[in-house]
Amino acid sequence: MIYEIIYKLHSFFAYIVLAVLILAVINAITGLTKNRMFTLEKDFRISLFALILSHIQLLIGIILYFVSPKGFYTISELGMGGLTSASRLLAVEHPFINIIALVFITIGWSKHKKIMEANRKFKTIAIFYGIGLVLILTRLPWGQWFA
């Protein structure tokens, strides 16, 4: 019961997180290319929401990892050598790469706060959030997500 609720929450919330992350990266790229001023009302908030929502998704994912029969339980039952490619994706690759992605996003957020020039702020967010987004997209269980 708890597994299904957390699984559905994690899956549904992923759409929101991806949309906001894509928005943050596109906003940073357009701000950089159009030489815009970095504003608190728009640019700061978009980046902050992407950071916050990504971290909330990570927390939901960590809970799911330990209550799911496809996460930690699979590794403890089968061992690393007994995992299929599909189970390895869910039990190892997806969580590990997404944690690394969140590290990049968090570094981008921290670095951009110390920068005063708008172009450098946008560039920092575009690079670090972009790397995080690409990493997330590469390790999504697409086949199971849409099934």
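Those helices (runs of 4 or more DSSP H) of segment 1-105 in which 1 or more residues are at positive phi are absent. Candidates are the residues of segment 111-125 that are part of a helix (DSSP H, G or I) and open to solvent by 70 Å² or more (accessible area, probe 1.4 Å); the one that is farthest from His55 (Cα to Cα) is Arg120. Of the numbered criteria (1) farther than 18 Å from Phe38 by Cα; (2) surrounded by fewer than 16 Cβ atoms within 10 Å (Cβ to Cβ); (3) modelled with pLDDT of 95 or more, the one Phe146 fails is (3).
Residues checked against (1) within 30 Å of Ile26 (Cα to Cα); (2) polar (S, T, N, Q):
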{"site": "Leu59", "(1), (2)": "yes, no"}
{"site": "Pro69", "(1), (2)": "no, no"}
{"site": "Tyr73", "(1), (2)": "no, no"}
{"site": "Glu77", "(1), (2)": "no, no"}
{"site": "Met80", "(1), (2)": "no, no"}
{"site": "Ser85", "(1), (2)": "no, yes"}
{"site": "Val92", "(1), (2)": "yes, no"}
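All conditions in (1) open to solvent by less than 20 Å² (accessible area, probe 1.4 Å); (2) within 15 Å of Leu51 (Cβ to Cβ) hold for Phe128, with the sole exception of (1).
Conditions first: (1) over 21 Å from the mean Cα position of the chain (by Cα); (2) open to solvent by less than 60 Å² (accessible area, probe 1.4 Å). Ser54 passes all but one, so which condition is the exception? Failing condition for Ser54: (1).
Reported count of residues in segment 18-39, each being under 16 Å from Lys123 (Cα atoms) and open to solvent by 20 Å² or more (accessible area, probe 1.4 Å), is 13. Restricting segment 73-110 to residues that are among the charged types (D, E, K, R) and at pLDDT below 80 leaves a set whose member that is most open to solvent (accessible area, probe 1.4 Å) is Glu77.
If you filter segment 11-63 down to residues that are in contact (Cβ under 8 Å) with a residue 24 or more places away in the chain and of a type in the set (D, E, K, R), you find that the one that is farthest from Tyr73 (Cα to Cα) is Arg36.
The values are calculated or read from the model by the stated rules, or taken from the named source; none is laboratory data. This is a predicted model, so every value here is computed, not measured. Note that each Cβ is placed from the backbone with ideal geometry, even for glycine, and that neighbours are counted across all protein chains shown. Surface accessibility is based on the protein's heavy atoms, side chains included, excluding ligands, DNA and RNA. Shrake-Rupley method; radii C 1.70, N 1.55, O 1.52, S 1.80 Å.
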